[in-house]
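Beneath this line is the structure, given in structure tokens, with notes to follow.
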Amino acid sequence: MFALVPLAHLAPLLLASTLAPTTLVPTPGALSAGMPSCAPAQPRQLRYLGRTEVGLKRYTDLSPAVRDELALKVAREQADDTITMGRDGLKGRYRYEDDIRHALLGRYQLCDRLDLSAWAATQQVTARVYCSGDVCLAVTTEGRMVARIKRRKPDAIDALAQALQGRQGGPQEELTLPPPAAGTAAVWARGRVLVLARPGLSDRQLEKILAAHGGRARRLGLTPLHVVSLPDNASETAVAQLLARHPQLKSAELDMRISPAAVPNDPYLGSEWHLSRIQAPTAWDTAQGASIRIAILDTGIDATHPDLAARMVPGWNFYDGNSDTSDVNGHGTAVAGAAAATMNNGVGVAAVAGQAGLMPVRIADPNAYAYWSTTAQGLIWAADQGARVANISYNGVAASSSVQSAADYLRSKGGLVVVAAGNNGIDEGILPSPSMIPVSATDESDNKTSWSSYGAFVALAAPGQNIWTTTRGGGYGAWWGTSLASPVVAGAVALMMSARPSMSNSQVESLLYASAVDLGSAGRDATYGWGRLDVAAAVRAVVAAPAPDSQAPVAAITAPLPGATVNGLVAVDVNASDNIGVVRVDLKVNGTLVASDTSSPYGFSWDSTSQGNGVAQLSVTAVDAAGNAAASTSVQVSVVNAVAVDSQAPQLSITSPVTGSKVSANVINVTTSASDNAGASGIRQQLYIDGQLVATVAGATLSYSWNVKKAGSGSHVLQVVAQDAAGNVSVATSKITK
């Protein structure tokens, strides 16, 4: 039974000013005595009709600063956590006391405690949690009930605090809980959205599309992915929805905030059980990850750690925009140690790929929060710096079209991207993606952990509970979370690539799945994906694999249709498939390369005004990871763009002699200069001296040698007439004296 116990010292009840009569508001000293216990029979009864940020003013025991901070967070929906409330308690990213206090239920009903014991086990509501220090509000998304709850540290952290109590110089940072995993509330960056344009769309054309929204785009690397800045008064949600429907854009989305998917556990309980479970020692006889770089997109890495220092390669800090990739939180160091802590060095721990390079890519703030935009930037940068494997131990990245596009870019350069599934313990509802390898977590008994997220997007499972790894400051500890399962798989991928460097990334991925220990339902399932990682079997499969793939992809243009009449910007859609995997599709128009796309579904934006009206031949070439390429059947279309009427006359001047000149030489050189908006090639110039035509030329300049000796003394008029291809005429005159 989920019993919610009243506490006498609690603050006054949250009550909106719209809730008359005021006699229902108890005084601070009489809260519990004046309020009933409530037992709603159904989740739908948890409702509140007032405004949360207004009602917050009734918490008079809080300082104005705390109330203002909470009110601002609620108004902006900048939640710290998302939880579920049900018969069995409160479940979220953090752990909470099992009581809901001073709830505002319905329009006037005030409850000192809630009893949800009558609910079925499957009945629950979702609430967003807004905190200022230790003060937390829970606001249900279904009905907006408001209550106060109390957050507490995990039991393991409390136990660690007791174990370290009184010890001189103990590892104090282990008592700080990094923001873990998953279950992050829907919080996004204000003032910007992410846009994935169709390859071929120019920056100028994108600016025209964004002009209606006041947006300004910044391209990420050489990819078609852009971060779009918006005016202060713009609604990010509305703009993203409108842009997502534009035919020349592949996607548009909010720049969501994400949090890491791990928490530290008791460092005295850890052991490297996971290495034997996945048979890593057997795999080490064949490969140890040498020459493979693993990019760790996280909070940075402690490069001075004795088990990591030898593995470090240069990285980048996308949060501060500099090369300082020191770990500001601790999460990144733990993740890096699980992937590639140095082996055979006589100290600390070993990792799956103990000879691989570690490329630190800091994407997070000191609280370990990151955004989809910095994550995508980090992937693109890592790809350009030669990373063959990238690990992202953050919840929610698999849901981003922008991050998927960046992952496709890394894959087009021969790499693979491994991500954490998350720690919500629920089906995330994310569709499978060929861009990434999402990993769920298993325990010592090969069961999915209770907190590991799952769903159709999960591709593989790996140990993620009590994983002994490196900690910031040179220490070691046991951590749990899909944040640890993910780098275990990233290390395995590095071993496979080092065992056979010539093998394509698509083949490595296929063998990774085929060699997994099938758990749960036969074949791929939503809990374990293709199964639990077996790195020894994976490395054996790579070594024993037949000759490299020689089968070419298949590609076809699905739009526009053959014989279609097109104009302006044309959306070109493509179907491409391969026995292993397509990494790039190239669009050619009349045999000339126009654009390349590395992100499925493949599509382009072709500016048909770039060529004259008439017939155009469109074709695409698909390329797989092994370099096999095949062209599609050409699609012939008719280009019919409106021809603009040229009404602009040429710019014209007589450069010598200038008007007002007095000449004495027997022969002078008359020169002119002309230009036109349609180009100088269509200009015709005629020179008249005293009304008589003396010269005709085509082009931008005219030069005529005039025998002044034959002309009489006095004034003379030089006149040049320029006409462009559209018939527009300009006249320039120069009057001289002999």
Taking r as the C-beta separation of D384 and S715 and R0 as 60 Å, the FRET efficiency to the nearest 0.05 is 0.30
Can you classify the stretch 679-738 as rounded, prolate or oblate using the Cα gyration tensor, where a ≥ b ≥ c are the square roots of its eigenvalues, rounded means a/c under 1.5, and otherwise it's prolate if a/b beats b/c and oblate if not?
prolate
Classified through the alpha carbon gyration tensor (a ≥ b ≥ c as square roots of its eigenvalues; rounded if a/c is under 1.5, else prolate when a/b is larger than b/c, else oblate), the stretch 356-404 comes out oblate
Nearest 10 degrees is fine. How inclined is helix 155-164 to the longest principal axis of the chain, computing both from alpha carbons?
70 degrees
Report the relative contact order of the chain, percent, no decimals, based on alpha-carbon pairs under 8 angstrom and at least 6 residues apart.
9 percent
Output row, site A726, 7 Å Cα→C-beta label point, backbone N cut-off 14 Å, window the stretch 660-685, residues 676-680, 682-683
Within straight cross-link reach of K150, meaning Cα distance under 12 Å, which aspartates and glutamates are found once same-chain residues fewer than 8 apart are removed?
E97, D98, D99, D134
Taking a 29 Å limit on the Cα-Cα distance, which of the listed pairs K208/K588; K91/K413; K91/K448; K250/K448; K73/K250; K73/K208 fall beyond it?
K91/K413; K250/K448; K73/K250; K73/K208
Kirkwood calc, the chain, C-alpha pairs only, radius in angstrom 30.0 Å
Listed residue (L114, Q686, V313) projecting farthest to the positive dipole end of the chain, Cβ model:
Q686
Using r as the Cβ-Cβ distance of Q686 and K738, and R0 as 22 Å, what FRET efficiency do you calculate, to the nearest 0.05?
0.45
Calculate, for L593 and K150, the FRET efficiency according to 1/(1 + (r/R0)^6) with r their C-beta to C-beta distance and R0 41 Å; round to the nearest 0.05.
0.10
Mean separation of Cα contacts under 8 Å (6+ apart) over length of the stretch 188-258, as relative contact order %
46 percent
Peptides ranked, highest mean first, by Cβ atoms within 10 Å: ranges 718-731, 553-566
718-731, 553-566
Straight-line reach check, K709, cutoff 26 Å on alpha carbons, 8 or more apart in-chain or any other chain, hits among lysines -> K662, K735, K738
Among L222, H246, S235, the residue whose Cα sits farthest towards the positive end of the charge dipole of the stretch 188-258, when +1 is placed on the Cβ of each Lys and Arg and -1 on the Cβ of each Asp and Glu, is L222
For a quick protection proxy, order the peptides 36-42, 421-427 by their average other-Cβ count within 10 Å, most packed first.
421-427, 36-42
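Coordinate-derived values only; no laboratory data. Given the structure is predicted, the values throughout are model-derived calculations rather than measurements. Cβ coordinates were reconstructed from backbone atoms using ideal geometry, including for glycine residues, and neighbour counts include every protein chain displayed.
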